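Q: Have a look at this one before I ask anything.
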Amino acid sequence: MKRDNEIFDLIGLEKERQVNGIELIASENFVSESVMEAMGSVLTNKYAEGLPGKRYYGGCEIVDQVEQLAIDRVCKLFGAEWANVQPHSGSQANAAVMLACLKPGDAILGFDLSHGGHLTHGSPVNFSGKLYNPHFYGVDKETGLIDYDDLAQKAEEVKPKMIIVGASAYSRDWDYAKIRKIADQIGALILADISHPAGLIATKQLANPMEHCHIITSTTHKTLRGPRGGVIMMGKNFDNPFGIKWKNGNLRSMASLLDAAVFPGTQGGPLEHVIAAKAVAFGEALDPKFVEYQKQVMANAKVMADEFVKRGYKIISKGTDNHSMLIDLRSKGITGKDAENALNDAHITVNKNMVPFDTESPFVTSGIRIGTPAITTRGLKDADIPKIVELMDKVMSNMNDEEITQSVISEVKALMSNYPLFKY
Ligand code: PLP
């Protein structure tokens, strides 16, 4: 068959962009050759509706083994007792959990999107805010830290069926034991969405919610460094603590309710090529080298936050304990949108992001979110970070200066050429 140059030329250009630039989007990473190989494998040809050993299609004996390996490895990685590795994305994982545990109109309590939460935690433009009755907790205006008193008060007022913890832009750890106490007082389930810090949790650099939260969801492509996808896990809360009923009124285990909510509830055939790539990534994450990687991700983020503070930037919560940080640019007199565009022109990729109590719209925003997983995969260490911050500051302090943009592009290319990216 003739090669589709129209598409493969574009893939080549994207590859070049990734190789020559500095990737600081907190939710992105670069997968290994093996993960890429599994994703591009013949497993994409296979239909396998159902679960290992219980399929609706013939010829599944090999993909059964692939999927079981992915399940076993992710359980070992996070100390889970049960997992479903089929969700096509983090959003699909959250949709399945809500479908299993809630009825339309039930109250849910999530972390405010404009304070760092995710769309699927109750935003009115998302299924979670349209199908359910969303309420939100946020961060303290002064400290930028989760306001647990606010969370407890809202929980008491609203009596949500589900409390959702986890964030897309929050640079500190969570107190899962405290949240469990709040939830227990009102009989609410806790969904912990660890999409962002999953790699740091798997390597014990941050607290693991498995012990305290009923259900855990995650993406597999952020700090975890796997293919794009989602996963649902549970620890010991296997037994449907609130007696959620199946459609015929029978009580079922939470595991079977969640399995059914993934397929046939929200998805059809699982992506077995992606599940194979997930299994490879989970295997890589079980290797001791992954602990070193995550430690370096955190060390790089700390140095970066310090460097920004030295240059007069305001970091929400004044620093970071994980892989990311949120910078409030209002003191610099520029918007998140302008900063994202100017940095992008200079081949440094970040995303604009609302800051807590933002006065700008989500299309403009007052902040940028930055993360270190991708540059750390490339091999950058503490000593490289001040240069990156210097270059970013140069761009953000000289908006629309073409000469400076061109000089930064050259410096970015020179720096990143020390860290070759792809063998594939
Ligand atoms: N949950 C959180 C906390 C996220 O940050 C994200 C993605 O950024 C998601 C869920 C959704 O993941 P996906 O983009 O795979 O649907």
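Any read-out appearing in this document is the output of simple, stated calculations on the displayed coordinates, not a laboratory observation. It should be emphasised that the depicted structure is a prediction, and the values quoted were computed from it without experimental measurement. All Cβ positions, even for glycine, are placed from backbone atoms using ideal geometry, and neighbour counts span all protein chains on display.
Q: Based on C-alpha coordinates, I'd like the Rg and Dmax of the chain, in Å.
A: 21.7, 69
Q: Treat the count of other C-beta atoms within 10 Å as a stand-in for reagent exposure and order 375, 404 from fewest to most.
A: Ordered by Cβ neighbours within 10 Å, fewest first: 404, 375.
Q: Express in whole angstrom the spacing between the alpha-carbon centres of the range 349-424 and the range 192-230.
A: Rounded to whole Å, the Cα centres lie 25 Å apart.
Q: Consider all pairwise Cα distances in the range 260-392 and report the whole-number % of them above 21 Å.
A: 52
Q: Okay, moving on. Within the chain, what percent of beta bridges assigned by DSSP are antiparallel, to the nearest 5?
A: Antiparallel bridges: around 55 percent, rounded to the nearest 5.
Q: By how many nm would the segment from residue 9 to residue 44 lengthen if fully extended, with 0.36 nm per residue of separation less the alpha-carbon distance?
A: Taking 0.36 nm per residue and subtracting the Cα distance, the gain is 10.3 nm.
Q: In Å, what Rg and Dmax follow from the Cα atoms of the range 34-286?
A: In order Rg, Dmax, the Cα atoms of the range 34-286 give 17.6, 59 Å.
Q: Net charge near residue 393, counting Lys/Arg +1 and Asp/Glu -1 over other residues with Cβ under 12 Å of its Cβ?
A: +3
Q: For residue 345 and residue 130 in the same chain, what is the full-extension length gain: residue separation times 0.36 nm, less their Cα-Cα distance, in nm?
A: Full extension from residue 345 to residue 130 adds 73.7 nm.
Q: Within 15 Å, Cβ to Cβ, of residue 283, how many net charges do the neighbouring residues add up to if Lys/Arg are +1 and Asp/Glu are -1?
A: That works out to -1.
Q: When the Cα atoms of the range 348-418 are enclosed in a convex hull and the volume is divided per residue, what value in Å³ results?
A: Looking at the range 348-418, the number lands at 108 Å³ per residue.
Q: I'd like the distance separating the alpha-carbon centroids of the range 148-178 and the range 245-283, in whole Å.
A: The range 148-178 and the range 245-283 have Cα centres spaced 26 Å from each other.
Q: What is the distance in Å between the Cα centres of the range 107-127 and the range 317-342?
A: For the range 107-127 versus the range 317-342, the Cα centre distance is 21 Å.
Q: Between residue 318 and residue 150, what's the calculated FRET efficiency when r is the beta-carbon distance and R0 is 30 Å? Round to 0.05.
A: 0.95
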